[in-house]
1. At what distance in nm do the modelled label points of Ser218 and Asp169 sit from each other, each positioned 7 Å from its Cα along Cα→Cβ?
2. Is the shape of region 193-333 best called rounded, prolate or oblate, per the rule: a/c under 1.5 gives rounded, else a/b larger than b/c gives prolate, else oblate, with a ≥ b ≥ c the square roots of the Cα gyration tensor eigenvalues?
3. Run the simple label-point estimate for Asn320 and Glu270 please: 7 Å along Cα→C-beta, distance reported in nm.
4. Which net charge results when you count Lys and Arg as +1 and Asp and Glu as -1 among the other residues whose beta-carbon is under 14 Å from that of His45?
5. Could you order peptides 296-307, 67-78 by the average number of other Cβ atoms within 10 Å of their residues, highest first?
6. Starting from the residue with the highest accessible area, list Tyr280, Tyr95 in decreasing order, probe 1.4 Å.
7. With a cut-off of 19 Å, note down the residues of region 262-294 whose backbone N falls inside the zone around a label point 7 Å from the Cα of Lys147 toward its beta carbon.
8. Give me a comma-separated list of calculated 3J(HN,Hα) values for region 153-158, in order, Karplus coefficients 6.51, -1.76, 1.60 applied at θ = phi - 60°, integers in Hz, x for any Gly or Pro.
Amino acid sequence: MAKTKKQKADKRRARKKKQTKSKHQGIPKILQRDPGLREALNHRHPLVACLINEDWQEFGVAIVIVMRSAPIGCVYSGFLVDVLGVGLKDAMGDYGVNEDEIKEHKFLEGMQGGDLVACDYDLASNLVYGGLVWARKWKFKLPKDYKIWMRLLESRNEDEIDFSQFGKDGKPLLIVPEDDFDIIMDTDFDSSILRDPMATGNKRILKKTLNRLGDIKSTLINFSRGPEFKEAFEIARKTRFGKKKRPKDEGEWINFQDWFVLECELISGETIIDRFLGTYQDEMSRGVRELINGWKQVIEGLFEIKDRIENGYFVKNLINEREYSVYSTNISEPLDNVHGGDFLVGRIVPALGFNVFSGSLAHMDGNDRARNEMYQM
């Protein structure tokens with residue numbers, strides 16, 4: 001049956017509506033909500049000024065502001081560049097504001113005290129694009145919507161960027177405060193730890209296998225100390241211990257950090273394990289990926305030592321009454337004084353068909369009194 005004119009017209013309208021919708025979906029949401037901003041963010045508008053915090057070289061952190069004159073008023077983009085560490089760390093902007101309002105923006109809170117001073121556009125562009133390339137090179141997470149705010153900058157080729165101000169000796173220098181100590185992160189590690197296949201199906205668990213598991217865990221822990229997780233760590237710490245309360249002992253502190261690395265859900269809904277797997281997906285074998293992803297399944301328990309096995313223990317969890325073969329890696333606490341009948345309070349995670357200890361362990365002798373207390377608990 002031939003189509004009627006009305007059916008043909010309806011089909012054309014539906015096709016046109018679909019094309020319009022598809023085109024609209026290609027525009028970032030922030031620009032969909034504010035068409036004025038979309039028109040204002042254009043590097044062809046006249047340059048008004050470029051600003052930078054005067055102490056950026058001293059502290060290795062640059063706050064770069066680029067302002068242009070759009071038909072609807074002054075428009076600006078602001079960028080936070082961790083020059084020594086992770087590169088481009090944050091980006092934001094606005095339009096219809098003056099220079100004084102820009103300087104009062106919350107984006108500038110927490111500056112080291114340096115005032116914003118005028119700088120050359122070339123320096124501003126070099127720091128922003130350099131921070132972008134630097135972050136990509138070292139696989140640091142880039143800020144949300146950074147592409148939108150970079151519309152105020154003309155494109156720049158990588159071979160035009162001066163990286164002499166970035167990092168130290170060609171590598172990121174990351175200093176992250178942790179419990180009153182400054183830990184310098186090592187961003188360089190042997191990629192074969194993640195790339196090489198994992199041996200599976202062997203009944204005998206060799207020390208070299210356990211050592212490699214420990215190396216993988218150390219790499220994951222080091223990754224979790226990146227500056228992008230600092231805020232989430234502080235929120236989790238205050239939630240667990242209160243604003244000023246400290247953990248009662250080192251073991252409690254270690255287990256909190258182990259929980260944060262393996263289980264804590266970030267604002268994005270991801271875990272640090274998810275971020276780690278995404279960052280190193282091109283350098284990771286399938287077996288290693290499955291191993292690390294399995295570490296989300298933490299088992300906390302009260303474990304009775306049933307027997308010692310080579311490089312590990314056969315234990316029973318008194319909470320769920322299941323039995324496990326558990327091994328210690330090179331990052332676990334030494335267990336030389338643990339004997340059959342003793343008790344361990346701690347955490348274990350799956351690994352290649354067996355389990356390994358994770359975090360700190362509390363050891364209790366298996367005398368009759370302790371045994372009665374454990375079973376009552």
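The values are calculated or read from the model by the stated rules, or taken from the named source; none is laboratory data. The structure displayed is predicted, hence computed values, not measured ones. Because the Cβ atoms are built from the backbone with ideal geometry, glycine has one as well, and the counts that use them run over all protein chains shown. Just so you know, the surface numbers come from the protein's heavy atoms only, side chains and all, with ligands and any DNA or RNA stripped out. Shrake-Rupley method; radii C 1.70, N 1.55, O 1.52, S 1.80 Å.
1. 1.8 nm
2. Oblate shape, in that a/c is at least 1.5 and b/c is the bigger or equal ratio.
3. Label at Asn320, label at Glu270, 2.7 nm between them.
4. +2
5. Most protected by this proxy first, the peptides run 67-78, 296-307.
6. Tyr95, Tyr280
7. Residues 279 qualify, since their backbone N sits under 19 Å from the label point.
8. For region 153-158, the Karplus-derived couplings read 10, 5, 4, 9, 6, 4 Hz, x marking Gly and Pro.
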